[in-house]
Every structure is written in structure tokens, then in C-alpha cells.
Amino acid sequence: MNLDEFQDKLVAYAHEIGIDKIGFTNAAPFFSLKHRLIRQQELNYQSGFEEPDIEKRTQPKLLLDEAVSIISIAIAYPSKMENAPTGKKGARRGIFARASWGIDYHTALRERLRLLEAFIAAHYPDARMRSMVDTGELSDRAVAERAGIGWSAKNCAVITPEFGSYVYLGEMITNLPFREDEPMEDQCGDCRLCLDVCPTGALIEGGQLNAQRCIAFLTQTKGSLPDEFRAKIGNRLYGCDTCQTVCPKNKGKANRIHEEFEPDPEIAKPLLEPLLNLSNREFKDRFGHVSGAWRGKKPIQRNAILALAHFKEQSAVPALIGVMERDPRPVIRGTAAWALGKIGTAEGLEALKQAEQRETDAEALEEIRKGLAFFAEELKG
């Protein structure tokens, strides 16, 4: 069997194992990406989660010295949730972004890439391969764009005609000279909905993202959330889908294809108040299988507190007072104090006054005083 015939067989096998799209490109350096990444660093737009070495991110041969081709894969994930619970007064709920529904996609894609590697090795024992998903050095989106999986949109996602932008991406570098697929033409046109509705203005003209302002990034940080973003996070616990849900190319793309990515409604839209006092073990047992748990419980709990403040949920005040008084983490104590001020009950005011006398951590104390300032502003009004 020649390589062309094998490539067709490989594509068919990829579909058999649950890969929805597969594309092939060369392993030449990503020169245009390199220029964008340099500019991103100059502007301090990077998140800090990326591979810091731009050369490794843009030169596949630094990752596999015999690199000739790159295989890009895409797996669709659902955009709709059946039987989604509705939050209400006294029982408010948060939300995980769609990319964190179901099992951790890193696990799912790595397993499929492992199967692809085994399939290739069975036919070409001398083949060399290196696979990666999300946390690898290469840009999944740049590879997918060049391999014809979809086009790079203004919201910085790869949009596929079949599944919209609701796709997970991964890639494999190899020394086999596969024939290349053609990149797609940009189909965003004059549409700028994603740019206009981004809650924090993180999307910059030309499809550039300031990750430091992106809610998807901010929900994963572990420190105190900057004041300007607290009112914008809403009830998001992990990630943000706004720039995807408004995209016309995603209209009608439910993508109910893979059972493993179907959300458990009580995990994807959990009650907020019970999250506040979860132990590490309880958090891992309940959320450990989803990608949104990778940073641990602290960001999720901080975001849950902000969500309760967003709803001004008075029934949560006793629980928030308990967090402010007893949680060992200053960021969580301080966020709870800020939330108590935002909710604005007499019980919360009294607890904040007492906490101000007791708190020894400077950051937490600052947040307590911010909470008290809400009451002072109310009196002035």
C-alpha cells in the first residue's frame, strides 16, 4: 500500500474511532503566527498558561527533528444541554462553559491520538510521531487552520462548517510525507458580533485576544479578581461562551454526537452555595473528571461567591459570613467579604464590622473595607 492509499485508510479509521474531522499539513514554521505571538508578548496579552518559548510554538522541527507533516484532529462537543436546571431565588446556580461539559477533553483526544499513532505504527514501523492536545507547544488553532479543519475567526476560535466553533483540537507531528489539505477561506466577512458583545472588550480587531481581559482566562486565575471584572463575570464558574453563542456560524449546531461529552446538568450548572464549603476530596470526587477542575477548587469557589453577589442572594449571607470568618485562604475570605457588602444586608454589615477588627491579612482586610464601603455608598444615596 502506498502512502496516498494509506492516508485515505487513516482518515477512514479516524472517523471509526470518533474523530469528527482530520486534516493534514506540512511541518514548515508558522511564520505569521510567530509575528502575532511576538506582538502579543509586547502588548502583555498572553495568559501565562502558554508555552513561553515562541520558537517551540512556531517551529515543529524543534519538537520532532524529522518532522515533515502535521495531522490535525477535531472532535465536536455539544452546545445544548437537555433538562438544564433553572436557578431561582434561594437556589442560585453557576455555569461551566460548554468546553468543560462531560469528561475532560484532554483525556478523550489523547486516547484518540494514541490510537492513531498505533494505527500508523502498525503500517509504518519506522514512523516517528509526537502528539499534543491544548497544553503542547504548538498552537492547536494555527495547525487546524493550515490543515483545512476550519478558518481562524474574529473570536480567535477555529470555525468548522460542520460543527461551528464547538470543537476540541489536537495534532500529531510525524515524519511521514502526507499530502496536504487546503486551508479554508475566512468566512466571517463583515460580521463583528463577537467583538461587540465581548463582556470585557478582550477581543481586539483582527482576531487578536487580550487574554488578561478574557473572562475564560479570568475564571481560571487563583488570586482576587480585579474589581473591574467582578460585575462582568455573572454566574460563570469556569470559562465563557459569549463570543461563541452569538456567532451566526454556530446557529443550529447542537453537536449531540459523543456520549462522553454530554453534560451532567448538576455538574455543568451546579447550585452555588454548596460549592462554598467543599473539601478537596469532595471537589475531586464531584468535578475531577471535567476539564474545568484542572486549577482546583479555589477559582471555582471564588467565582461562586462572585456569582452569589451578582444575584444579590440574601439567603446565602449566613454561608458567606461563615466563609469570611473561617476559611483559611485570604482570597476566599476577602471575596466573601466583598460579596457581603454587595448583597447589603444588616446581618452582613455587622459581620463585616466584626471581621474588620479581627482580620490580620492585608489583602483580606482591604476587601472587608470594600464591602463596608458599599454600605457607606448606600447611605449617601
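The values are calculated or read from the model by the stated rules, or taken from the named source; none is laboratory data. What you see is a predicted model; the values in this text were computed from it and never measured. FYI the Cβ positions are ideal-geometry reconstructions off the backbone, even for glycines, and counts take in every protein chain you see.
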Tally the residues that are within 18 Å of the chain's Cα centre (by Cα) and either among the aromatic types (Phe, Trp, Tyr) or closer than 10 Å to Phe24 by Cβ (or both), restricting the search to segment 164-182. 2
Any pair with Cβ under 6 angstrom, 6 or more apart, that starts in segment 185-197 at a residue that is farther than 21 Å from Ala142 by Cα and ends at one that is modelled with pLDDT of 95 or more and in a loop (DSSP other than H, G, I, E, B): Leu193/Val246; Val197/Val246
Please go through segment 19-36 and give me each residue that is assigned to a helix (DSSP H, G or I) and either among the charged types (D, E, K, R) or buried (at least 19 other Cβ atoms within 10 Å of the Cβ) (or both), ordered by number. Leu33, Lys34, Arg36
With criteria (1) assigned by TED's automatic domain parsing to the domain that holds Arg128; (2) in contact (Cβ under 8 Å) with a residue 40 or more places away in the chain; (3) over 22 Å from Ala202 (Cβ atoms), Arg57 comes up short on (3)
Look at Glu16 and say whether it is modelled with pLDDT of 95 or more, closer than 25 Å to Phe163 by Cα and either surrounded by 14 or more Cβ atoms within 10 Å (Cβ to Cβ) or not aliphatic (A, V, I, L, M) (or both). yes
With (1) touching a residue at least 24 places away in the same chain (Cβ under 8 Å); (2) assigned by TED's automatic domain parsing to the domain that holds Gln301; (3) over 27 Å from His35 (Cβ atoms); (4) not acidic (Asp, Glu) as the list, and Phe217 as the residue in question, which single condition is left unmet? (3)
Ala316 vs. criteria in contact (Cβ under 8 Å) with a residue 24 or more places away in the chain, part of a helix (DSSP H, G or I) and either acidic (Asp, Glu) or within 30 Å of Asp134 (Cα to Cα) (or both): no
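This table checks each residue for (1) touching a residue at least 40 places away in the same chain (Cβ under 8 Å); (2) buried (at least 17 other Cβ atoms within 10 Å of the Cβ); (3) on the phi > 0 side of the Ramachandran plot; (4) not hydroxyl-bearing (Ser, Thr, Tyr).
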site	(1), (2), (3), (4)
Tyr45	yes, yes, no, no
Asp53	yes, no, no, yes
Val68	yes, yes, no, yes
Ser79	yes, yes, no, no
Asn83	yes, no, yes, yes
Gly87	yes, yes, no, yes
Ala99	yes, yes, no, yes
Ile103	yes, no, no, yes
Within segment 58-80, which residues are part of a strand (DSSP E or B) and under 27 Å from Asp104 (Cβ atoms)? Ile70, Ile71, Ser72, Ile73, Ala74, Ile75, Ala76
State the number of residues belonging to segment 240-259 that are of a type in the set (Asp, Glu) and surrounded by fewer than 17 Cβ atoms within 10 Å (Cβ to Cβ). 1
Out of everything in segment 190-216 that is hydrophobic (A, V, I, L, M, F, W, C) and touching a strand residue (DSSP E or B) at 6+ places or on another chain (Cβ under 7 Å), what residue ends up being surrounded by the most Cβ atoms within 10 Å (Cβ to Cβ)? Ile215
Go through the residues of segment 114-127 one by one and say whether even a single one is small (Gly, Ala, Ser), in a loop (DSSP other than H, G, I, E, B) and either under 27 Å from Met184 (Cα atoms) or at pLDDT below 95 (or both). no
Within segment 251-268, can one find any residue that is at pLDDT 95 or above and within 28 Å of Gly341 (Cβ to Cβ)? no
